[in-house]
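Contents: one structure, followed by commentary.
The values are calculated or read from the model by the stated rules, or taken from the named source; none is laboratory data. The model shown is predicted, which means the values in this text are computed figures rather than measured ones. All Cβ positions, even for glycine, are placed from backbone atoms using ideal geometry, and neighbour counts span all protein chains on display. Just so you know, the surface numbers come from the protein's heavy atoms only, side chains and all, with ligands and any DNA or RNA stripped out. Shrake-Rupley method; radii C 1.70, N 1.55, O 1.52, S 1.80 Å.
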Amino acid sequence: MKKLFGLLSMVLLITVLAACGNSGAESSSGEGESASGDSGEAKTIKAGIGLNSDHPQYKGLLKFKEIVEEKTDGAIKVDTYHSGQLGDDRSMTEALQLGTQEVVIPSTAPLANFVPEFSVFDIPFLFPNEQVADEVLDGEVGQELLGKLEEQNLVGLSYWENGFRDLTNSERAVASIDDFDGLKIRTMENDLHLDAFKALGANPTPMAFTELFTAMQQGTVDGQENPYATIYLQKFYEVQDHVSNTHHIYSPFVFLMSKSFYDGLTEDQQKIVKDAAVEAGKHERKLNREANEKYLKQLQEEGMEYTEISDEARQEMVDAVAPVIEDYKSKIGEETVDKVYQAIEDAQK
Ligand code: KDG
(Lines give C-alpha, C1' and ligand atoms only; values in the text may rest on other atoms or scores of the structure.)
Protein backbone atom coordinates (compact mmCIF):
# COMPACT_ATOMS: atom_id res chain seq x y z
CA MET A 1 0.00 0.00 0.00
CA LYS A 2 2.82 2.34 1.03
CA LYS A 3 4.64 1.49 -2.21
CA LEU A 4 1.54 2.24 -4.32
CA PHE A 5 1.05 5.58 -2.57
CA GLY A 6 4.72 6.48 -3.18
CA LEU A 7 4.38 5.63 -6.89
CA LEU A 8 1.21 7.67 -7.25
CA SER A 9 2.87 10.70 -5.58
CA MET A 10 5.80 10.42 -7.96
CA VAL A 11 3.51 10.33 -11.02
CA LEU A 12 1.61 13.36 -9.71
CA LEU A 13 4.82 15.30 -9.10
CA ILE A 14 6.14 14.59 -12.60
CA THR A 15 2.79 15.67 -14.14
CA VAL A 16 2.79 18.96 -12.20
CA LEU A 17 6.41 19.74 -13.11
CA ALA A 18 5.74 19.03 -16.78
CA ALA A 19 2.69 21.32 -16.74
CA CYS A 20 4.67 24.17 -15.12
CA GLY A 21 7.44 23.81 -17.69
CA ASN A 22 4.95 24.06 -20.54
CA SER A 23 3.11 27.12 -19.28
CA GLY A 24 6.43 28.90 -18.67
CA ALA A 25 7.49 28.37 -22.29
CA GLU A 26 4.16 29.52 -23.70
CA SER A 27 3.92 32.74 -21.76
CA SER A 28 7.61 33.63 -22.05
CA SER A 29 7.66 35.82 -25.19
CA GLY A 30 5.73 34.26 -27.96
CA GLU A 31 8.82 32.27 -28.98
CA GLY A 32 7.96 29.66 -31.55
CA GLU A 33 5.02 31.68 -32.90
CA SER A 34 4.28 31.40 -36.60
CA ALA A 35 4.62 34.56 -38.75
CA SER A 36 0.93 35.31 -38.33
CA GLY A 37 1.47 35.37 -34.55
CA ASP A 38 -0.65 32.28 -34.00
CA SER A 39 0.72 30.69 -30.86
CA GLY A 40 -2.66 29.17 -30.11
CA GLU A 41 -3.11 31.52 -27.16
CA ALA A 42 -5.05 34.73 -27.85
CA LYS A 43 -3.57 38.04 -26.72
CA THR A 44 -6.09 40.31 -25.05
CA ILE A 45 -6.35 44.09 -25.37
CA LYS A 46 -8.11 45.73 -22.45
CA ALA A 47 -9.39 49.03 -23.91
CA GLY A 48 -10.99 51.76 -21.80
CA ILE A 49 -12.53 55.18 -22.46
CA GLY A 50 -14.13 57.86 -20.28
CA LEU A 51 -17.29 58.52 -22.32
CA ASN A 52 -20.36 56.30 -22.30
CA SER A 53 -21.48 53.56 -24.68
CA ASP A 54 -23.76 55.91 -26.71
CA HIS A 55 -20.87 58.17 -27.68
CA PRO A 56 -19.20 57.88 -31.14
CA GLN A 57 -15.93 57.26 -29.26
CA TYR A 58 -17.27 53.92 -28.02
CA LYS A 59 -18.73 53.08 -31.44
CA GLY A 60 -15.28 53.73 -32.91
CA LEU A 61 -13.75 51.44 -30.32
CA LEU A 62 -16.19 48.68 -31.28
CA LYS A 63 -15.12 49.16 -34.90
CA PHE A 64 -11.48 48.75 -33.84
CA LYS A 65 -12.43 45.53 -32.02
CA GLU A 66 -14.28 44.19 -35.06
CA ILE A 67 -11.38 44.87 -37.45
CA VAL A 68 -8.65 43.52 -35.16
CA GLU A 69 -10.47 40.35 -34.16
CA GLU A 70 -11.39 39.62 -37.76
CA LYS A 71 -7.98 40.40 -39.30
CA THR A 72 -6.02 38.44 -36.67
CA ASP A 73 -8.46 35.55 -36.87
CA GLY A 74 -9.07 35.80 -33.14
CA ALA A 75 -5.35 35.81 -32.22
CA ILE A 76 -5.96 39.23 -30.65
CA LYS A 77 -9.10 39.74 -28.62
CA VAL A 78 -10.34 43.22 -27.63
CA ASP A 79 -12.29 43.75 -24.39
CA THR A 80 -13.94 47.19 -24.29
CA TYR A 81 -14.82 49.32 -21.26
CA HIS A 82 -16.64 52.70 -21.33
CA SER A 83 -17.80 55.34 -18.82
CA GLY A 84 -14.50 55.38 -16.94
CA GLN A 85 -15.02 51.80 -15.73
CA LEU A 86 -11.23 51.39 -15.78
CA GLY A 87 -10.49 54.91 -14.43
CA ASP A 88 -10.07 58.43 -15.79
CA ASP A 89 -7.90 59.46 -18.76
CA ARG A 90 -4.82 60.11 -16.63
CA SER A 91 -4.97 56.92 -14.53
CA MET A 92 -5.70 54.77 -17.60
CA THR A 93 -2.70 56.33 -19.38
CA GLU A 94 -0.55 55.45 -16.34
CA ALA A 95 -1.93 51.90 -16.48
CA LEU A 96 -0.67 51.68 -20.08
CA GLN A 97 2.78 52.75 -18.93
CA LEU A 98 2.72 50.04 -16.27
CA GLY A 99 1.47 47.46 -18.75
CA THR A 100 -1.71 46.66 -16.83
CA GLN A 101 -3.99 48.06 -19.58
CA GLU A 102 -3.39 48.05 -23.33
CA VAL A 103 -5.51 50.82 -24.91
CA VAL A 104 -6.98 54.18 -23.90
CA ILE A 105 -8.25 57.06 -26.08
CA PRO A 106 -7.81 60.26 -24.05
CA SER A 107 -8.16 63.88 -25.10
CA THR A 108 -4.79 65.44 -25.87
CA ALA A 109 -5.23 67.89 -22.93
CA PRO A 110 -4.40 65.46 -20.08
CA LEU A 111 -1.70 63.90 -22.30
CA ALA A 112 0.22 67.19 -22.07
CA ASN A 113 1.08 66.09 -18.51
CA PHE A 114 3.11 63.28 -20.13
CA VAL A 115 4.42 65.04 -23.26
CA PRO A 116 4.26 68.88 -22.88
CA GLU A 117 4.29 69.47 -26.65
CA PHE A 118 0.74 68.09 -26.86
CA SER A 119 -0.42 71.31 -25.23
CA VAL A 120 -0.08 72.95 -28.63
CA PHE A 121 -3.64 71.66 -29.25
CA ASP A 122 -4.81 73.44 -26.08
CA ILE A 123 -4.15 76.82 -27.66
CA PRO A 124 -7.59 78.44 -27.72
CA PHE A 125 -9.14 79.21 -31.13
CA LEU A 126 -6.33 77.30 -32.93
CA PHE A 127 -8.19 75.36 -35.62
CA PRO A 128 -10.76 77.11 -37.86
CA ASN A 129 -12.63 73.88 -38.67
CA GLU A 130 -12.47 70.06 -38.48
CA GLN A 131 -11.03 69.62 -41.98
CA VAL A 132 -7.98 71.72 -41.16
CA ALA A 133 -7.60 69.83 -37.88
CA ASP A 134 -7.62 66.51 -39.79
CA GLU A 135 -4.90 67.70 -42.17
CA VAL A 136 -2.64 68.94 -39.41
CA LEU A 137 -3.13 65.93 -37.13
CA ASP A 138 -2.77 63.33 -39.88
CA GLY A 139 0.09 65.30 -41.47
CA GLU A 140 3.77 65.57 -40.61
CA VAL A 141 3.66 67.57 -37.37
CA GLY A 142 0.76 65.56 -35.94
CA GLN A 143 2.57 62.30 -36.59
CA GLU A 144 5.83 63.72 -35.21
CA LEU A 145 4.02 64.46 -31.94
CA LEU A 146 2.69 60.89 -31.77
CA GLY A 147 6.32 59.74 -32.03
CA LYS A 148 7.21 61.65 -28.85
CA LEU A 149 4.93 59.36 -26.84
CA GLU A 150 7.44 56.50 -27.14
CA GLU A 151 9.71 58.15 -24.54
CA GLN A 152 6.77 57.75 -22.16
CA ASN A 153 6.32 54.04 -22.90
CA LEU A 154 3.28 54.80 -25.00
CA VAL A 155 2.50 54.29 -28.68
CA GLY A 156 0.21 56.80 -30.40
CA LEU A 157 -1.51 54.98 -33.25
CA SER A 158 -3.90 57.63 -34.58
CA TYR A 159 -5.96 60.72 -33.84
CA TRP A 160 -9.69 60.54 -33.34
CA GLU A 161 -12.04 63.43 -32.65
CA ASN A 162 -13.51 64.77 -29.44
CA GLY A 163 -14.32 68.07 -31.15
CA PHE A 164 -14.97 71.78 -30.65
CA ARG A 165 -15.73 72.53 -27.01
CA ASP A 166 -18.72 74.66 -25.98
CA LEU A 167 -19.61 76.14 -22.62
CA THR A 168 -22.55 75.12 -20.44
CA ASN A 169 -23.52 76.37 -16.98
CA SER A 170 -26.38 76.56 -14.53
CA GLU A 171 -26.06 80.25 -13.62
CA ARG A 172 -26.60 82.51 -16.63
CA ALA A 173 -26.63 82.87 -20.40
CA VAL A 174 -23.08 83.52 -21.61
CA ALA A 175 -23.01 85.89 -24.60
CA SER A 176 -19.78 87.79 -24.01
CA ILE A 177 -16.60 87.77 -21.96
CA ASP A 178 -18.29 89.74 -19.14
CA ASP A 179 -20.64 86.81 -18.54
CA PHE A 180 -17.72 84.54 -17.57
CA ASP A 181 -17.15 86.66 -14.46
CA GLY A 182 -16.64 84.38 -11.45
CA LEU A 183 -18.27 81.31 -13.05
CA LYS A 184 -16.95 78.13 -11.45
CA ILE A 185 -15.96 76.12 -14.50
CA ARG A 186 -14.58 72.58 -14.48
CA THR A 187 -11.69 72.21 -16.91
CA MET A 188 -9.69 69.18 -17.96
CA GLU A 189 -6.48 68.61 -16.01
CA ASN A 190 -4.35 70.95 -18.09
CA ASP A 191 -2.56 74.19 -17.09
CA LEU A 192 -3.19 76.04 -20.34
CA HIS A 193 -6.95 75.43 -20.08
CA LEU A 194 -6.86 76.64 -16.49
CA ASP A 195 -4.99 79.86 -17.32
CA ALA A 196 -7.12 80.57 -20.39
CA PHE A 197 -10.31 80.38 -18.32
CA LYS A 198 -8.77 82.63 -15.67
CA ALA A 199 -7.95 85.15 -18.42
CA LEU A 200 -11.61 85.06 -19.48
CA GLY A 201 -12.60 86.00 -15.92
CA ALA A 202 -13.90 82.59 -14.81
CA ASN A 203 -12.98 80.65 -11.69
CA PRO A 204 -11.75 77.33 -13.14
CA THR A 205 -11.18 74.00 -11.32
CA PRO A 206 -9.37 71.06 -12.94
CA MET A 207 -11.18 67.77 -12.46
CA ALA A 208 -11.31 64.28 -13.98
CA PHE A 209 -14.25 63.69 -16.30
CA THR A 210 -15.47 60.81 -14.10
CA GLU A 211 -16.23 63.29 -11.27
CA LEU A 212 -17.87 65.96 -13.42
CA PHE A 213 -21.57 65.04 -13.41
CA THR A 214 -21.74 64.81 -9.62
CA ALA A 215 -19.79 68.06 -9.25
CA MET A 216 -22.37 69.88 -11.41
CA GLN A 217 -25.27 68.17 -9.65
CA GLN A 218 -23.97 69.16 -6.23
CA GLY A 219 -23.07 72.70 -7.33
CA THR A 220 -19.32 72.27 -6.67
CA VAL A 221 -18.97 73.80 -10.14
CA ASP A 222 -21.42 75.97 -12.10
CA GLY A 223 -20.43 74.68 -15.49
CA GLN A 224 -18.13 72.86 -17.84
CA GLU A 225 -17.13 72.78 -21.50
CA ASN A 226 -17.39 69.88 -23.93
CA PRO A 227 -18.66 69.21 -27.46
CA TYR A 228 -22.46 69.00 -27.94
CA ALA A 229 -22.29 65.22 -28.44
CA THR A 230 -20.85 64.75 -24.95
CA ILE A 231 -23.18 67.32 -23.38
CA TYR A 232 -26.19 65.50 -24.82
CA LEU A 233 -25.12 61.86 -24.54
CA GLN A 234 -23.85 62.25 -20.96
CA LYS A 235 -27.18 63.96 -20.10
CA PHE A 236 -25.53 67.13 -18.80
CA TYR A 237 -28.79 68.95 -19.71
CA GLU A 238 -30.26 67.42 -16.54
CA VAL A 239 -27.96 69.62 -14.42
CA GLN A 240 -27.14 72.54 -16.76
CA ASP A 241 -29.47 75.27 -18.10
CA HIS A 242 -27.38 77.32 -20.53
CA VAL A 243 -25.24 76.47 -23.54
CA SER A 244 -23.18 78.85 -25.75
CA ASN A 245 -21.29 78.06 -28.96
CA THR A 246 -17.95 79.29 -27.60
CA HIS A 247 -16.08 76.74 -29.77
CA HIS A 248 -13.00 77.86 -27.84
CA ILE A 249 -10.84 74.74 -28.22
CA TYR A 250 -10.78 71.80 -30.62
CA SER A 251 -9.95 68.61 -28.68
CA PRO A 252 -8.39 65.71 -30.55
CA PHE A 253 -8.39 62.23 -29.04
CA VAL A 254 -5.26 60.09 -29.29
CA PHE A 255 -5.56 56.34 -29.71
CA LEU A 256 -2.87 55.08 -27.30
CA MET A 257 -1.43 51.62 -26.89
CA SER A 258 0.89 50.35 -24.17
CA LYS A 259 4.42 50.21 -25.64
CA SER A 260 5.29 46.94 -23.90
CA PHE A 261 2.20 45.31 -25.43
CA TYR A 262 2.84 46.77 -28.90
CA ASP A 263 6.49 45.68 -28.82
CA GLY A 264 5.35 42.14 -28.00
CA LEU A 265 3.24 41.90 -31.17
CA THR A 266 4.53 40.42 -34.42
CA GLU A 267 5.15 42.88 -37.27
CA ASP A 268 1.95 41.71 -38.99
CA GLN A 269 -0.05 42.28 -35.84
CA GLN A 270 1.49 45.74 -35.32
CA LYS A 271 0.35 46.70 -38.82
CA ILE A 272 -3.13 45.34 -38.18
CA VAL A 273 -3.62 47.32 -34.94
CA LYS A 274 -2.16 50.49 -36.48
CA ASP A 275 -4.38 50.28 -39.58
CA ALA A 276 -7.41 49.41 -37.46
CA ALA A 277 -6.82 52.44 -35.19
CA VAL A 278 -6.69 54.69 -38.29
CA GLU A 279 -9.72 53.08 -39.96
CA ALA A 280 -11.85 53.08 -36.80
CA GLY A 281 -10.79 56.71 -36.25
CA LYS A 282 -12.20 57.73 -39.64
CA HIS A 283 -15.47 56.05 -38.70
CA GLU A 284 -15.51 57.79 -35.31
CA ARG A 285 -14.81 61.24 -36.82
CA LYS A 286 -17.72 60.81 -39.23
CA LEU A 287 -20.17 59.70 -36.51
CA ASN A 288 -18.96 62.46 -34.20
CA ARG A 289 -19.54 65.19 -36.78
CA GLU A 290 -23.05 63.93 -37.46
CA ALA A 291 -23.70 63.82 -33.70
CA ASN A 292 -22.41 67.33 -33.03
CA GLU A 293 -24.62 68.68 -35.80
CA LYS A 294 -27.81 67.16 -34.46
CA TYR A 295 -27.38 67.39 -30.70
CA LEU A 296 -27.46 71.18 -30.26
CA LYS A 297 -31.10 71.12 -31.38
CA GLN A 298 -31.88 68.25 -29.04
CA LEU A 299 -30.25 70.05 -26.11
CA GLN A 300 -32.69 72.91 -26.70
CA GLU A 301 -35.56 70.43 -26.88
CA GLU A 302 -34.44 69.16 -23.48
CA GLY A 303 -34.88 72.71 -22.17
CA MET A 304 -31.41 74.26 -22.38
CA GLU A 305 -31.23 77.90 -23.37
CA TYR A 306 -28.88 78.43 -26.32
CA THR A 307 -26.86 81.63 -26.69
CA GLU A 308 -25.01 82.45 -29.87
CA ILE A 309 -21.60 84.09 -29.52
CA SER A 310 -21.27 86.99 -31.99
CA ASP A 311 -18.08 87.52 -34.01
CA GLU A 312 -17.24 90.62 -31.94
CA ALA A 313 -17.79 88.78 -28.66
CA ARG A 314 -15.58 85.92 -29.82
CA GLN A 315 -12.86 88.38 -30.87
CA GLU A 316 -12.86 89.82 -27.32
CA MET A 317 -12.25 86.29 -26.02
CA VAL A 318 -9.45 85.76 -28.54
CA ASP A 319 -7.82 89.03 -27.38
CA ALA A 320 -8.18 88.12 -23.70
CA VAL A 321 -6.38 84.78 -24.05
CA ALA A 322 -3.62 86.10 -26.38
CA PRO A 323 -1.15 86.88 -23.52
CA VAL A 324 -1.67 83.37 -22.10
CA ILE A 325 -0.80 81.84 -25.47
CA GLU A 326 2.32 84.03 -25.69
CA ASP A 327 3.34 82.85 -22.22
CA TYR A 328 2.89 79.17 -23.10
CA LYS A 329 4.79 79.19 -26.40
CA SER A 330 8.13 78.48 -24.71
CA LYS A 331 6.59 75.92 -22.32
CA ILE A 332 5.09 73.98 -25.23
CA GLY A 333 8.21 74.44 -27.38
CA GLU A 334 8.48 77.27 -29.93
CA GLU A 335 9.38 74.83 -32.71
CA THR A 336 6.25 72.74 -32.25
CA VAL A 337 4.02 75.82 -32.02
CA ASP A 338 5.53 77.32 -35.20
CA LYS A 339 5.19 74.03 -37.09
CA VAL A 340 1.53 73.69 -36.13
CA TYR A 341 0.73 77.30 -37.11
CA GLN A 342 2.53 76.72 -40.44
CA ALA A 343 0.62 73.46 -41.05
CA ILE A 344 -2.68 75.26 -40.35
CA GLU A 345 -1.76 77.95 -42.87
CA ASP A 346 -0.75 75.34 -45.47
CA ALA A 347 -3.99 73.39 -44.94
CA GLN A 348 -6.01 76.49 -45.80
CA LYS A 349 -4.22 77.24 -49.09
O1 KDG B 1 -13.00 59.25 -23.07
C2 KDG B 1 -12.59 60.57 -23.14
C3 KDG B 1 -13.02 61.35 -21.94
O4 KDG B 1 -12.46 60.71 -20.83
C5 KDG B 1 -12.56 62.79 -21.90
O6 KDG B 1 -11.43 63.01 -22.67
C7 KDG B 1 -13.69 63.70 -22.27
O8 KDG B 1 -13.27 65.85 -23.11
C9 KDG B 1 -13.38 65.15 -22.14
C10 KDG B 1 -13.29 65.79 -20.80
O11 KDG B 1 -13.88 66.85 -20.67
O12 KDG B 1 -12.66 65.27 -19.88
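Give Val221, Val278 a once-over and let me know the one that is of a type in the set (A, V, I, L, M) and away from the ligand (no atom under 16 Å from the Cβ). Full working, then the answer.
Numbers: Val221 fails: away from the ligand (no atom under 16 Å from the Cβ).
Within the list Val221, Val278, the selection yields Val278.
How about the range 100-114: which of its residues are among the aliphatic types (A, V, I, L, M) and open to solvent by 10 Å² or more (accessible area, probe 1.4 Å)?
So in the range 100-114, the residues among the aliphatic types (A, V, I, L, M) come out as 103-105, 109, 111-112.
Once the filter is applied, which keeps residues that are among the aliphatic types (A, V, I, L, M) and open to solvent by 10 Å² or more (accessible area, probe 1.4 Å), the range 100-114 yields only Ala112.
Name the residues in the range 163-185 that are of a type outside the set (Asp, Glu) and open to solvent by 10 Å² or more (accessible area, probe 1.4 Å), would you? Talk me through it step by step, then tell me what you get.
Step one: filter the range 163-185 for residues of a type outside the set (Asp, Glu), giving 163-165, 167-170, 172-177, 180, 182-185.
Once the filter is applied, which keeps residues that are of a type outside the set (Asp, Glu) and open to solvent by 10 Å² or more (accessible area, probe 1.4 Å), the range 163-185 yields Phe164, Ser170, Arg172, Ala173, Ala175, Ser176, Ile177, Gly182, Lys184.
Working only within the range 224-246, note down all residues that are near the ligand (Cβ under 10 Å from one of its atoms) and over 17 Å from the mean Cα position of the chain (by Cα).
Within the range 224-246, Gln224 is the sole residue that qualifies.
Find the strands (runs of 3 or more DSSP E) located wholly in the range 73-169 whose residues include 3 or more that are at pLDDT 95 or above, within 14 Å of the chain's Cα centre (by Cα) and away from the ligand (no atom under 15 Å from the Cβ), and list them. It would help to see each step written out before you state the result.
Numbers: elements: 76-81, 154-164, 166-169.
The qualifying strands (runs of 3 or more DSSP E) are 154-164.
Checking Thr80 against (1) without any contact (Cβ under 8 Å) to a residue 40 or more places away in the chain; (2) of a type in the set (Val, Ile, Thr); (3) under 26 Å from Tyr232 (Cα atoms); (4) surrounded by 19 or more Cβ atoms within 10 Å (Cβ to Cβ), only one condition comes out false. Which one?
(4)
Tell me yes or no: at least one residue of the range 224-235 is over 24 Å from Phe127 (Cβ atoms), open to solvent by 10 Å² or more (accessible area, probe 1.4 Å), touching a His at 6+ places or on another chain (Cβ under 8 Å) and in contact (Cβ under 8 Å) with a residue 60 or more places away in the chain. Steps first, answer last, please.
Pass one, the range 224-235, residues over 24 Å from Phe127 (Cβ atoms): 235.
From what is left, the residues that are open to solvent by 10 Å² or more (accessible area, probe 1.4 Å) are 235.
Still in the list and also touching a His at 6+ places or on another chain (Cβ under 8 Å): none.
So far as the range 224-235 goes, no, none of its residues is over 24 Å from Phe127 (Cβ atoms), open to solvent by 10 Å² or more (accessible area, probe 1.4 Å), touching a His at 6+ places or on another chain (Cβ under 8 Å) and in contact (Cβ under 8 Å) with a residue 60 or more places away in the chain.
Cβ contacts < 7 Å: first residue touching a residue at least 60 places away in the same chain (Cβ under 8 Å) and open to solvent by 30 Å² or more (accessible area, probe 1.4 Å), restricted to the range 200-215; second residue part of a helix (DSSP H, G or I) and within 11 Å of the ligand (Cβ to nearest atom), any location; separation 6+ or different chain. Result?
Short answer, once both residue conditions are applied: Phe209/Asp89.
Residues of the range 259-295 being touching a strand residue (DSSP E or B) at 6+ places or on another chain (Cβ under 7 Å) and under 26 Å from Thr187 (Cα atoms), which ones? Break it down into steps so the answer makes sense when it comes.
Just the residues of the range 259-295 that are touching a strand residue (DSSP E or B) at 6+ places or on another chain (Cβ under 7 Å), to begin with: 259, 262, 269, 273-274, 277-278, 281, 284-285, 288, 292.
If the condition is that a residue be touching a strand residue (DSSP E or B) at 6+ places or on another chain (Cβ under 7 Å) and under 26 Å from Thr187 (Cα atoms), then Gly281, Glu284, Arg285, Asn288, Asn292 are the ones that fit.
Residues being part of a loop (DSSP other than H, G, I, E, B), open to solvent by less than 40 Å² (accessible area, probe 1.4 Å) and over 15 Å from Phe253 (Cα atoms): count how many of those fall in the range 53-72. Give the steps one after another, and end with the answer.
In the first step, residues of the range 53-72 are kept if they are part of a loop (DSSP other than H, G, I, E, B); the result is 53-55, 72.
Within this subset, residues satisfying the condition of being open to solvent by less than 40 Å² (accessible area, probe 1.4 Å) are 55, 72.
Imposing the further condition that a residue be over 15 Å from Phe253 (Cα atoms) reduces the set to 72.
Looking only at that region, the number is 1.
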